[in-house]
Amino acid sequence: MIHVPDGPGRPFPDAWRFCVGTGRLDLALRSDYRASLALIQKDIGFRHIRGHGLLSDGMGVHRPYTWQDTRRVRHSFTYVDQVVDAYLELGIRPFLELGFMPQALASGDQTVFWWRGNVTPPGDEREWAALVRAVLRHLVDRYGLAEVRTWPVEVWNEPNLPDFWQGADEAAYHRLYEVTAHAVKEVDASLQVGGPAISPGADDWLDRFAEFTERHDVPVDFVSKHAYTSGPAQHVPFGSYQTLAPAEDLLEQFGTPRERLKGTRLAGLPVHITEFNSSYCPDNPVHDTAFNAAYLAPVLARGGDHADSFSYWTFSDVFEEAGVPTTFFHGGFGLLTHRQVRKPTYHLYAFMARTGPELLARGDDHLVTRHPDGRVTVLAWAPVDPAGRTPGPERHRLRLLLPLDATEAFVRRSTVDEEYGNARTAWQRMGSPRSPDRHQLGILHEAAEPGRRHLRLPVADGRVDLDLTLARHEVTLVEVSPVRDESPPWADDRRLLGREPE
């Protein structure tokens, strides 16, 4: 039994809500994408959104032309305005990633993804700097300097990988960062610029990034990197499988920048994990499972101790880096499938959104918080075996004595596991239809609803005895609030059929 202390708790950081990832930005022009983001914002309420492709040809910003035998450039913001307007209307701000290279400005032809984002350095640094300045000045003019100052500006994506930066040329990235950061600051010195947005396994880049920016007096306002725990991909047609390290490995990755940058000019800067998930593959079925939610629960509970933000990659399966999905549940990164069917990890985030700002207790399988009105919430999860070598216990028990200023408690419990809040289970049982019809889609939405129970428990000596039994891969949210009974004195359910009580 765990005795949860009653004294004042400490602030519970909501770094988990600071940012969420998205597919390339021009996907925001689609209705399914916007409907998905609206649902996410209603139930979770992320503050920022980050995705690739702001400067890629799909957004149509960089438009060179020839006039009077002279090459000129026009900067067009038709799509940028529509995308950013949509974000702000839904209560979410951009976390700007400057990339990829416009084809007409690129020094080479190497691209990444099905939608062919160019990943080569600029052929003309001055033209690239002018592009960066033009975009930011337009955003400042349209949305106001005070607003845009709240949008972090990240330079490129995973330059340590040859797929994302031609040759993974570190010196070339340093030069790109230097040119870009100075261009950002020319627009306004208070705009927040940072990097190097590296993938896992390249932490030595942080050391050299710190050395380079200090040696050349290059502005850096935050440090960014990515975190995943999956091993090499085992590819099958339209899918992949991977081993996973324990979830604690994600927390270690979150903490790496602060550890490595101690004693450098970048020590103490905000650390943003601008991508994280279990698997880095956009077609790994683990993303769709209850396992993924239980696996990531301790990360959401503790991640704010290690980084200023950690951004789930991504909010929706409207994504397409590996092409258009060929089936409904296909292992996409999203918290939501196409057509807004909620996955178990979606519910983990929705549960987190219902926790309080005061941290009372935290353990390997639970998080206890309190709201200003006295409500106490318990997020609990069944610990998982990431190796999958054993099935794990079918039941996991957790007993807590919770403080509550009342004589009775109302208990609301919401549950996600292999059966409840798990549309993938229903989808498999109906034959895994690649393109569910209207009737099947309705069933999947219904199956995605969490299991719910409501109880009334006694309070003894200011304590509620909460005894929880969790199923395999279960994540549950229990909300405990005081009962203030307003039933009239004549109310008596024993008389529902008109009989006098015996």
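The values are calculated or read from the model by the stated rules, or taken from the named source; none is laboratory data. Bear in mind that the values here come from a model prediction, so they are computed numbers and not experimental data. Virtual Cβ from ideal backbone geometry, glycine too; neighbours counted across all protein chains shown. Only protein heavy atoms, including side chains, enter the accessible area calculation; ligands, DNA and RNA are left aside. Shrake-Rupley method; radii C 1.70, N 1.55, O 1.52, S 1.80 Å.
If a helix is a whole DSSP H run, which ones in the chain reach 30 Å or further along their own axis (Cα) and hold a mean Kyte-Doolittle hydropathy of at least 1.6?
TM-like helix candidates: nothing returned.
Given the -39500 (n - 2.57) contribution per DSSP H run of 4+ residues, what per-residue ellipticity at 222 nm results for the chain, rounded to the nearest 500 deg cm²/dmol?
The per-residue figure over the chain is -8000 deg cm²/dmol.
Run a plain Debye calculation on the chain (Cα atoms as equal point scatterers, no solvent) and give log10 I(q)/I(0) at q = 0.05, 0.08 Å⁻¹, rounded to two decimals, same order as the q list.
Each listed q corresponds, in turn, to -0.22, -0.54.
Using a 10 Å Cβ count of at most 10 others and DSSP loop calls, identify the longest part of the chain lacking such trypsin sites (Lys or Arg not before Pro).
Here the longest segment lacking exposed loop sites spans 1-261.
Quick check: net charge around residue 501, other residues with Cβ under 12 Å of its Cβ, Lys/Arg +1 and Asp/Glu -1?
Combined, the nearby Lys, Arg, Asp and Glu give -1.
With label points built 7 Å along Cα→Cβ from the Cα atoms of residue 32 and residue 163, find their separation and express it in nm.
If labels sit at residue 32 and residue 163, their model points lie 2.3 nm apart.
Residue 1: accessible area at probe 1.4 Å, nearest 10 Å²?
Rounded to the nearest 10, that gives 130 Å².
Sorted by accessible area with a 1.4 angstrom probe, largest first, how do 315, 164 fall?
164, 315
Can you work out the Karplus-derived ³J(HN,Hα) for every residue in segment 230-241? Use 6.51 cos²θ - 1.76 cosθ + 1.60 with θ = phi - 60°, whole Hz, and x for glycine or proline.
For segment 230-241, the Karplus curve yields 8, x, x, 6, 9, 7, 10, x, 6, x, 7, 10 Hz.
So, with a 1.4 angstrom probe, what is the percent of accessible area on the chain that is carbon and sulfur?
Using a 1.4 Å probe with all protein chains present, the chain comes out at 49 percent carbon and sulfur.
Report the FRET efficiency, 1/(1 + (r/R0)^6), for residue 469 and residue 385, where r is their Cβ-Cβ distance and R0 is 22 Å, rounded to 0.05.
Once the sixth-power term is evaluated, E becomes 0.70.
Using the C-alpha gyration tensor of segment 429-502, what are the square roots of 5 times its eigenvalues, in whole angstrom, with the largest one first?
Values for segment 429-502, descending: 39, 23, 11 Å.
What share of Cα pairs, in percent, lie more than 18 angstrom apart in segment 253-350?
For segment 253-350, the share of Cα pairs beyond 18 Å comes to 50 percent.
What FRET efficiency comes out for residue 419 versus residue 43 if R0 is 25 angstrom and r is the Cβ-Cβ distance? Round to the nearest 0.05.
The pair residue 419/residue 43 has a calculated efficiency of 0.75.
Which lysines, on any chain, are close to residue 262 with Cα under 18 Å apart, when same-chain ones fewer than 8 places away are left out?
Excluding near neighbours in sequence, the set is 225.
How much length is gained on full extension from residue 189 to residue 435, taking 0.36 nm per residue of separation minus their Cα-Cα distance?
Length difference between fully extended and current span is 83.6 nm.
Report the extension gain between residue 107 and residue 452 in nm, rounded to one decimal, defined as 0.36 nm multiplied by the number of residues separating them, less their alpha carbon distance.
Separation in residues times 0.36 nm, less the Cα-Cα distance, equals 118.5 nm.
Which of the lysines could a cross-linker span from residue 343 if the Cα-Cα distance has to be under 22 Å and same-chain partners fewer than 8 positions apart are dropped?
Here the lysines satisfying the reach criterion relative to residue 343 are 42.
Tell me, in nm to one decimal, what length is gained between residue 63 and residue 408 on full extension, where the rule is 0.36 nm per residue of separation less the Cα-Cα distance?
117.5 nm
Points 7 angstrom from Cα along the Cβ direction at residue 76 and residue 358: gap in nanometres?
Inter-label distance under the simple model: 5.6 nm.
Using R₀ = 35 Å, calculate the FRET efficiency as 1/(1 + (r/R₀)^6) where r is the Cβ-Cβ separation of residue 494 and residue 394; round to 0.05.
0.35
Per 10 Å bin, what percent of the C-alpha pairs of segment 329-460 does each bin hold, from zero upward?
Histogramming segment 329-460 at 10 Å steps yields 10, 34, 32, 18, 6, 0 percent.
Over the heavy atoms of residue 89, what accessible area does a 1.4 Å probe trace out, to the nearest 10 Å²?
For residue 89, the solvent-accessible surface is approximately 150 Å².
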